[in-house]
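The values are calculated or read from the model by the stated rules, or taken from the named source; none is laboratory data. Note that the structure is a prediction, hence the values are computed from the model and not measured. Ideal geometry is used to build each Cβ from the backbone, glycine not excepted, and the neighbour counts take in all protein chains shown.
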């Protein structure tokens, strides 16, 4: 999951519900449409057998295109099924435990709007931190306190650890996050719910990122 010098990249999070065989060609089309730095498989409340099946179907789609494939929460499955790493939230596997399980694989940690959580994640061995949600998100409902662009800008200025911005991000609203210094923009609906399909969603996001960087 490499950053590009002085640039911001797209980080795709899967929809909360999917059928692997049906979703696989959609993922392939999205990844073939433009630059994507990582794909996170985020499926909650499903059996391990179904989760493993999803990994085995979708991981090769990403990795064959040189895109990092990360597991949400489950560092154990990431290691066992050949993923490139895992992402954990504050209520998931503790970052320090995840770091030990993952070894040299990539570890990302959700830090909401907290600089302190960001530094703690770094001390626990995170390879990147994620701040958000920056905007209301259909995949994160229930009174989420929105993060501040100032937190992202401060982190990008002070810390060396890469940062991901997440939460309700679209081609229309992403410019302030890019200009604040986000290394990655994590999106769900902006790509998978794009009216012209996920490939168009990736193209729109990459065009918006480029425009923000040139602005």
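Overview of values
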| read-out | value |
| --- | --- |
| Residues of segment 24-45 satisfying the condition of being more than 15 Å from residue 65 (Cα to Cα) and either modelled with pLDDT under 95 or touching a helix residue (DSSP H, G or I) at 6+ places or on another chain (Cβ under 7 Å) (or both) | 41, 43, 44, 45 |
| Qualifying residue in segment 186-193 (condition: more than 17 Å from residue 42 (Cβ to Cβ) and in contact (Cβ under 8 Å) with a residue 12 or more places away in the chain) | no |
